[in-house]
Amino acid sequence: MVGRFDFTVIFSNLDILWNGMLITLLLTVVAIVGGILLGTILALMRLSRFKLPAYAAGRFVDAFRATPLILVIFWFYFAVPIVTGRPIGGLYSVLIAFTLFESAYYCEIIRAGIQSIRLPQVHAGLALGLTRWQATRHVVLPQAFRNMVPLLLTQAIVLFQDTSLVYVVGLKDFLTAADLVATRDNRVVEMYLTAAVVYLVICSLGSLWVRRLQRQYAI
Amino acid sequence: MIEIQDVSKWFGDFRVLSNCSTHVAKGEVVVICGPSGSGKSTLIKCINGLESFQEGVITVNGISVGAEGTNLPKLRASIGMVFQNFELFPHMTIAENVCLAQLKVLNRSRAEAEERAAQLLNRVGLSNQAAKHPAQLSGGQQQRVAIARALAMDPIAMLFDEPTSALDPEMINEVLDVMVALAQEGMTMMVVTHEMGFARKVADRVVFMDEGRIEEDARTEEFFGAPRGERAQMFLSKILSH
């Protein structure tokens, strides 16, 4: 027998939900920043004239893109302690797992962005005496990132939702916290509805921002 | 100053340059003309190493461009290049375009670079456009910025790769005027162009290319007076018929 809905359960559990949200946001931000940094390095390696870095980056990306995220999370949780000899805890293992996983996806977005810059732009930089790295750094990457902003943000929204998978190593992200409260206080409908609304609002705001940026950068 | 000796280049099996030899002396202006696909742009890009070549030697001030161990960035910094499609950096302002390589390559201070940029933009008649972005400028204005950007490196020679081909007719002269002034000041220049009026006015020599070969290499008055080769005559009659 289900009683009347009681949404006050949200307010009496605000601290748990908020702590969950902090984990979700921490993971999202770290994976975005780390993923883009690492993804940029991977993309430059993949586009390198040298075979070895291009090959290594290619295999790295293939491996992560062919593996379900949940498996990557498990892997780092159980495998890293075997390698390092001591447990690093759930939070660090998922931070590493998410960053590496996202970097594989960001790599492909960034690679496409870099390839969208026409060769004569690079030539113009080189003709001025810039080195290859300087031309990449000052001419190619700024333009590439401008073209990529919408795609990078879209990937970030997906990532934000994927953080809910960390429950498998016992971390309490926002959704896991909501689930915990729901089953403990027997307020399943209220909590799942609240969680859905929160995800919907945050992701919609993100999408809106993407669309605004797309208009702004459209020629 | 620029020596090109027996340069050949292949794209796969296709030979784009066949035993090209010519030279540009200090202060000389050489115009390269010829039908499209004749290898003019490829040849001029070989001079600063943007294109590689398989045979022959190109030296700039005695430094071999194709040699192993040549500091290409340093060599390129000393030769200005202007492209058909301007190739200003769209994410930077006009002033930043002119300052970038001064800061990163010549290690000038920002104040020094900005002063030089202002001076050169003034010279090409664009001193009030410094804060704008390239997309806000007309093609002719963008090309004049591109010339200023190249001059900011204090080059010993300037290469022009069809600098007016992408321009609307009414903008061609504003760019040619800048180039004529540059030539009259004694700048060493190699110019790929179809602007025969420009060639007549300032060129010391005209090089005519066809199918990757240098077919004519003559003093300007000789070239326009009586080009010897049949192909050069045909080419001239085609582009001068209007």
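The values are calculated or read from the model by the stated rules, or taken from the named source; none is laboratory data. Remember, predicted model here, so these are calculated numbers, not experimental data. Cβ atoms come from the backbone with ideal geometry, glycine included; neighbour counts cover every protein chain shown. Note: accessible area is taken over every heavy atom of the protein model, side chains too, but ligands, DNA and RNA are not part of it. Shrake-Rupley method; radii C 1.70, N 1.55, O 1.52, S 1.80 Å.
Note on B:ASN19 and A:VAL83: their simple-model spin labels are 6.1 nm apart, each label 7 Å out from Cα toward Cβ.
Size estimate for region B:1-108 follows the Kirkwood approach: the inverse of mean 1/r over distinct Cα pairs works out to 15.5 Å. Inter-chain neighbour count for B:78-90: the average number of beta-carbon atoms from partner chains within 10 Å of each residue's beta-carbon is 4.
Would you calculate the convex hull of the Cα atoms in the protein assembly as shown and tell me its volume per residue in Å³?
Numbers: hull volume 96.5 nm³, N = 461.
Normalising the Cα hull of the protein assembly as shown by residue number yields 209 Å³.
Residue ranking by accessible heavy-atom surface, 1.4 Å probe, largest first, among B:TRP10, A:TRP209 comes out as A:TRP209, B:TRP10. Each chain gives up part of its surface: B and A jointly bury about 1700 Å² of accessible area, both sides summed, for a 1.4 Å probe. Since only A:GLY39, A:LEU27, A:VAL94 are under comparison, the one whose Cα sits farthest along the positive direction of the charge dipole of region A:24-173, derived from C-beta charges on Lys, Arg, Asp and Glu, is A:GLY39.
Of the residues A:ALA54, A:ALA124, A:ALA97, the one that moves most in a GNM of chain A with alpha-carbon contacts below 10 Å is A:ALA124. What percent of all Cα-Cα pairs in chain B falls in each 5 Å bin, counting up from 0? Cα pair-distance distribution for chain B, in percent: 1, 6, 14, 17, 19, 17, 12, 8, 4, 1, 0. Sequence-distant contacts, meaning Cα pairs under 8 Å at least 6 residues apart, place the relative contact order of chain B at 27 percent. Loop-resident trypsin sites (Lys or Arg not before Pro) (DSSP state other than H, G, I, E or B) in region B:1-55 with no more than 12 further Cβ atoms inside 10 Å of their Cβ: B:LYS26. Modelled spin labels at A:GLN214 and B:ASP177, positioned 7 Å past Cα toward Cβ, are 4.5 nm from each other.
Carbon-plus-sulfur accessible fraction, the protein assembly as shown (probe radius 1.4 Å, protein heavy atoms only): 58%.
Accessible surface for A:PHE7 stands near 80 Å², nearest 10, in the context of the full protein assembly shown (1.4 Å probe).
Result for chain B in a Gaussian network model with C-alpha springs under 10 Å: among B:GLU112, B:GLU170, B:GLU211, the largest mean-square fluctuation is at B:GLU170. Magnitude of the charge dipole for the protein assembly as shown, about its Cα centre and with charges confined to Cβ atoms of Lys, Arg (+1) and Asp, Glu (-1), is about 940 debye.
Annotation: lysines with alpha-carbon distance below 25 angstrom to B:LYS74 (same-chain offsets under eight excluded): B:LYS9, B:LYS26, B:LYS40, B:LYS45, B:LYS104.
Considering chain B as a Gaussian network with a 10 Å cut-off on Cα pairs, which listed residue, B:GLU222, B:GLU114, B:GLU28, attains the greatest mean-square fluctuation? Top of the fluctuation ranking is B:GLU222. Using all C-alpha to C-alpha distances in chain A, build P(r) with 5 Å bins and read off the rounded percent in each one. Result, from short to long distances: 1, 7, 12, 14, 15, 14, 11, 9, 7, 4, 3, 2, 1, 0, 0, 0 percent. Checking every one of the trypsin sites (Lys or Arg not before Pro) in region A:18-59 against DSSP loop status and a limit of 14 other Cβ atoms within 10 Å picks out A:ARG49. When nucleic acids and ligands are ignored and a 1.4 Å probe is applied, A:ARG118 ends up with an accessible area of around 120 Å². The calculated FRET efficiency for the pair B:GLU55 and A:ALA56, based on their C-beta separation and a Förster distance of 41 Å, comes to about 0.70. Relative to the longest principal axis of the Cα atoms of chain B, the long axis of helix B:139-151 makes an angle of roughly 90 degrees. If I ignore ligands, DNA and RNA and count only protein heavy atoms, how much of B:MET196 is accessible to a 1.4 Å probe, in Å² to the nearest 10? My reading of the accessible area for B:MET196 is about 10 Å². Reported value for region A:1-68: 119 Å³ per residue, from the convex hull of its C-alpha atoms.
Take every DSSP beta bridge whose two residues both sit in the protein assembly as shown; close to 55 percent of them are antiparallel. Here the relative contact order of chain A, from alpha carbon pairs under 8 Å that lie six or more residues apart, stands at 29 percent.
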